[in-house]
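To start, the structure itself, in structure tokens.
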Amino acid sequence: MFKNYFLVAYRNLIRHKGFSFLNIAGLALGLTACLLIGLFVYDELQFDKFVPDGDRVYRVYTEQTNKEMPDTYAPVSPAYATTLKREFPEVEQSVRILMQSATNLLEVGDKKIYVEDGQIADSTFFGIFPLAFKYGSAAGALDAPTSIVLAEDVAKSFFGNENPVGKEIKMNKSPFVVKGVLRNDLSKFHLKINYVIPLAAAQLPAKRMTNWGWHQFFTYVKLRPGTDAKQTEAKLQRYIVEKVQPTQKDEEINDKPFLQPLQAIHLYSSSFKYDLSVKGNITYVKALSFIAAFILLIAGFNFVNLSTAKSMQRAKEVGIRKTIGASRQQLMLQFLSETVLLTLVSVVLAVVLTALLLPSLNAFTGKTMTFDLLRNPALLGLLAALTVVVGLVAGFYPALVLSSFQPVKVLKSAVVTDGIFGRVHWLRHGLIVVQFALSVFLIICAIVVFRQVSYLHNKDLGFNRDQIMFFPMRGDNMNQHYDTFKNELAQVPGVASVSIGYGFPGDQVAGDGIMVPTNGEMKEHSTTQLMVDYDYLKTLGLELVAGRDFSKAQSTDKDHAFILNETAVKEFGFGTPQQALGKKVQWKVWSDRNPDSLKVGQIIGVVKDFHYKSLYDRLEPAVLQIFPGAYWKVAVKLKGENLGSSVDGVKQVWAKFSPESPIEYKFLDDNFDQMYKAEDKLKTLLWTFTGIAIFVGCLGLFGLATYAAERRKKEIGIRKVLGASVGNIVALLSKEFLVLVLVAALIAFPAAWLAMSRWLQDFAYRIDMPLWAFLAAGLIAATVAFLTVGYQAVRAATANPVNNLRAN
């Protein structure tokens, strides 16, 4: 019996090639989009799940409590790890990882490679994160200050396929001994690891490691089995308030600690400041999941509408089958088998398309996702279940319609005008409304995301970021003679100016406090510290709104002068920029020899606010000062003519001062473009999947228009005989669908407004909600609907009315 059902289904599929193609194409496209999104979402959810006992591992982070909108910080003070291990018996182990984003020069013999993503961690690192070793072992791997553990790819770059354990490798000219090599299975680890060296190698002063105000460490704890993390978190917060804050007389501690589960770090840390982990975004994962569901719904509704439209041409077939004894249940099984067969073909096609498109998606997202059905029986079973479920669900309504035809009526006429069609027309219309509501929703989202991303890339940041070559200094000669190095760079043809400092826009900046006079006493305010030289403002094109720039002619500027941004003037209560000039401030000097020394000076200038971080972050008070002890980056402003020769000239000067280290440079505008890669990708994905949703939705609308034209073909013939024009008939058939699109738009508008308003709140600087986007989305949907329906309407209106009136 079932063999006969599928044989008839196959014959119908072949007989009605156009209908079959539309139905299969729509469903296959929808399923392909769902599979690709599903693979991406699944991959994002796998981060850190491979870590043994990962459910007991937590990261310590803090929120500032002295702000109306508290900021969340991933790095914390080094004292947290030691305190938690010493004072909290529920903590089994703790580890600190030094926050640093420097690129270091590794070399073996004549081979030199700059390597990013190195971790400097306590020797307990592999106790909390027991990563797999290819060579060596975790036992004692970080015990010696000169130990280093390499990632497999890095080890292969220097040592080929041999075991490098026990061999020497230099980092920035300092020798290290390889103690182990990690396997290449770290793609789902939230930490980027090319190498790990012990914290002892950093030679940090012991006094700094007990400092509660120095937030420079990512800190993790592993709780003992059965420990309630929430209770431990509350206990830690009480400890900070009762034990730590009263002892901090020199500085105010306003940090409230929290424990973040290890497996939540990747997706739930998008708003964390100074977080160097591999960050995803749960908002984007949820949005893509919803889009996948939307597309699958649209594809299913399209399937229903096309099948319903096609049923009008099979009325006589149903009548004959019923006349010779077929029951309604048999007819439903017949038509359900057809939909399951169509679904099966669509699923097979979707699997092929997914396999073909996955490499492009991997290249686009930077992932290594796989789609191997033979090695993943769970995925194969899911596709089989999807075939049956989608086939039955999508085919139930058409089967119900077809099996309900009354033989007498359908054999007398090819057109069915009553029965179940009249009773449930609202369902067909409802499907169209939902399809286009989802399409309008996606169009609005795509437009808003496009506008916000364009705003991020094109907003005036308050400085000139174009044609600024940017690189770190290397070697003792360059660091000790940076003034000479800078002067020679300035002589290169095509170089406009040069600045050396710490804290350039788009790069690493330092957070530190500054003492400001408040009500007769000095009060500390948290600020961003930018350690600059005399050409910083000139090189970046910063605008002074009051006062003057640093000057070598003023001997006191080096040790007793500060420049603020406008936000600092407001937050410190100095009134206007002009009124801030001459105000006294103090800064605790970064000094290992004399950590208690103060730099006392006055404000000599105020610069217009400029965005030195991404537009996710609000502008914060910034203090600019001369402090050569922190200099490590060079910014070279190029004039624009003959950039290639100017860059070559910079390289020649570099080679003169640091011949043993190759130059490693970027352009400053590239740094900012990198900040918004996630948004750029979201924009592309939204436009792609919105296009798929609209296309599939149009197939469904085409099906319903076909049904409407078929159902009313005698009416159309009579109207033409009575003198109706083609335009009159097109308007008659289109009006019903345009009303449905209008209803869909009214449903989609508030949902899109709510969703996009919440998304825009993630940005400190954002566009206003563009009202025209809603009108444009409605107009696009209406235009697409009119063209889709209009095509079928014109065909019906230009058909010979005699043929329509003769139809039985």
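The values are calculated or read from the model by the stated rules, or taken from the named source; none is laboratory data. All values derive from a computational prediction rather than experimental measurement. Every residue, glycine among them, receives a Cβ derived from its backbone with ideal geometry; neighbour counts consider all protein chains shown.
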- Every residue from the stretch 50-75 that is modelled with pLDDT of 80 or more and among the hydrophobic types (A, V, I, L, M, F, W, C): F50, V51, V57, V60, A74
- Query: In the stretch 626-637, is there at least one residue being in the same structural domain as H481 (by TED's automatic domain parsing), farther than 15 Å from R465 by Cβ, over 33 Å from the mean Cα position of the chain (by Cα) and not in a helix (DSSP H, G or I)?
  - Reply: yes
- Query: If you go through the stretch 758-774 one residue at a time, do you hit one that is assigned to a helix (DSSP H, G or I), closer than 19 Å to Q435 by Cβ and among the hydrophobic types (A, V, I, L, M, F, W, C)?
  - Reply: yes
- Task: Quickly run through the stretch 63-84 and pick out the residues that are closer than 17 Å to T210 by Cβ, crowded, with 18+ Cβ neighbours inside 10 Å and of a type outside the set (F, W, Y).
- Result: P75, V76, S77, P78, A79, A81, T83, L84
- Note on the structure: Pairs returned, first residue in the stretch 31-54 that is over 16 Å from G366 (Cα atoms) and free of Cβ contacts under 8 Å to residues at least 60 places away in the same chain, second residue that is crowded, with 17+ Cβ neighbours inside 10 Å and of a type outside the set (V, I, T), beta-carbon separation under 6 angstrom, 6 or more apart or interchain, are none
- Item | Conditions (1) of a type in the set (V, I, T); (2) under 23 Å from Q586 (Cβ atoms); (3) touching a helix residue (DSSP H, G or I) at 6+ places or on another chain (Cβ under 8 Å): number failed by V532 | (3)
- Query: Is at least one residue of the stretch 661-669 crowded, with 16+ Cβ neighbours inside 10 Å and in a helix (DSSP H, G or I)?
  - Reply: yes
- Item | the stretch 341-392, residues that are among the polar types (S, T, N, Q) and farther than 24 Å from L7 by Cβ | T354, S360, N362, T365, T368, T370, N376
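For (1) free of Cβ contacts under 8 Å to residues at least 60 places away in the same chain; (2) within 23 Å of G513 (Cα to Cα); (3) in contact with a Ser or Thr (Cβ under 6 Å, 6 or more places away or on another chain), each residue gets a yes or a no:
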{"position": "L182", "(1), (2), (3)": "yes, no, no"}
{"position": "T210", "(1), (2), (3)": "no, yes, no"}
{"position": "Q216", "(1), (2), (3)": "no, yes, no"}
{"position": "L223", "(1), (2), (3)": "no, no, no"}
{"position": "A234", "(1), (2), (3)": "yes, no, no"}
{"position": "Y239", "(1), (2), (3)": "no, no, no"}
- Query: Exactly one of (1) surrounded by fewer than 15 Cβ atoms within 10 Å (Cβ to Cβ); (2) more than 17 Å from L461 (Cβ to Cβ); (3) at pLDDT below 90; (4) not hydroxyl-bearing (S, T, Y) is unmet by K584. Its number?
  - Reply: (3)
- Task: Tell me which residues, restricted to the stretch 462-492, are outside the structural domain of F627 (by TED's automatic domain parsing) and small (G, A, S).
- Result: G462
- Only residues that are in a helix (DSSP H, G or I), among the hydroxyl-bearing types (S, T, Y) and exposed (fewer than 11 other Cβ atoms within 10 Å of the Cβ): list them for the stretch 344-383, please. S360
- When every residue in the stretch 109-124 that is within 28 Å of the chain's Cα centre (by Cα) and hydrophobic (A, V, I, L, M, F, W, C) is compared, the one nearest to R56 (Cα to Cα) is A121
- Query: From the residues in the stretch 202-241 that are in a helix (DSSP H, G or I) and at pLDDT below 85, which one is nearest to P257 (Cα to Cα)?
  - Reply: T210
- Item | Conditions (1) modelled with pLDDT of 60 or more; (2) assigned to a loop (DSSP other than H, G, I, E, B); (3) among the aliphatic types (A, V, I, L, M); number of the one not met by I443 | (2)
- Message: Suppose we filter L530, L544 for residues that are within 33 Å of the chain's Cα centre (by Cα) and either aliphatic (A, V, I, L, M) or surrounded by fewer than 16 Cβ atoms within 10 Å (Cβ to Cβ) (or both); which single one remains?
- Response: L530
- Task: Report the residue count in the stretch 556-587 for those that are in contact (Cβ under 8 Å) with a residue 24 or more places away in the chain and either among the basic types (K, R) or in a strand (DSSP E or B) (or both).
- Result: 11
- Task: Looking only at the stretch 714-723, count how many residues are without any contact (Cβ under 8 Å) to a residue 60 or more places away in the chain and either surrounded by 13 or more Cβ atoms within 10 Å (Cβ to Cβ) or of a type in the set (S, T, N, Q) (or both).
- Result: 2
- Does L431 satisfy the condition of being buried (at least 16 other Cβ atoms within 10 Å of the Cβ) and assigned to a helix (DSSP H, G or I)? yes
- Counted residues in the stretch 458-486 being surrounded by 14 or more Cβ atoms within 10 Å (Cβ to Cβ) and under 14 Å from L542 (Cα atoms) come to 6
- Query: Inside the stretch 676-694, can you point out the residues that are surrounded by fewer than 18 Cβ atoms within 10 Å (Cβ to Cβ) and not basic (K, R)?
  - Reply: A678, D680, T684, W687, T688, G691
